[in-house]
1. Roughly how many debye, to the nearest 20, is the charge dipole of the chain about its Cα centre, given +1 on each Lys and Arg Cβ, -1 on each Asp and Glu Cβ, and no other charges?
2. Under 8 Å for C-alpha pairs, at least 6 residues apart: give me the relative contact order for the chain, rounded to a whole percent.
3. Per residue, what volume in Å³ does the convex hull of the Cα atoms of the chain enclose?
4. Note down the net charge around residue 56, summing +1 for each Lys or Arg and -1 for each Asp or Glu among other residues with Cβ under 12 Å from its Cβ.
5. Quick one: length gained pulling residue 31 to residue 50 fully straight, 0.36 nm per residue minus the C-alpha distance?
6. In whole Hz, with x marking every Gly and Pro, tabulate ³J(HN,Hα) for region 39-47 from phi via Karplus 6.51 cos²θ - 1.76 cosθ + 1.60, θ = phi - 60°.
7. Which cross-chain or sequence-distant (5 or more) residues have an amide H under 5 Å from the amide H of residue 15, H modelled 1.01 Å from N in plane?
8. Compute the helix-to-body angle for 21-32: its Cα long axis versus the longest principal axis of the chain, expressed 0 to 90° and rounded to tens.
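Read the figures in this text as sums done on the coordinates, not as results from a lab. Keep in mind that what you see is a predicted model, and the values were worked out from it rather than measured. Positions of Cβ are backbone-derived with ideal geometry, glycine not excepted, and every protein chain shown enters the neighbour counts.
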Amino acid sequence: NEVKYEETQYAFVYYDGPHDVNSILKQTEFFVARSNPGTRYVYDDHTWYEHRIIDEYLLKNGFKRVEMVGQKVSYVREK
């Protein structure tokens, strides 16, 4: 319909590259500022970089780790 919308809140974010912690942290900070309780994040290939830094940041900012399977780890925002 050629109507453009600017999203300001996100309910689901799937991270699949780049695979360096600084870039992923910047992306995570961007989306944390634009998420609400219930938002889910999934990080692919989390063993390819120092994901512990991302994990600590999310846990300090109201997220809970809900699943870690293979190369994927997911979180949900609780507050």
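1. Charge dipole of the chain: 360 debye, to the nearest 20.
2. Reported relative contact order: 32 percent.
3. 104 Å³
4. Charge balance in the 12 Å sphere: +1.
5. Stretched fully, the residue 31-residue 50 segment lengthens by 4.9 nm.
6. With coefficients 6.51, -1.76 and 1.60, one gets 4, 10, 10, 10, 10, 8, 6, 5, 8 Hz.
7. It is 42, 43, 44, by chain and number.
8. 40 degrees
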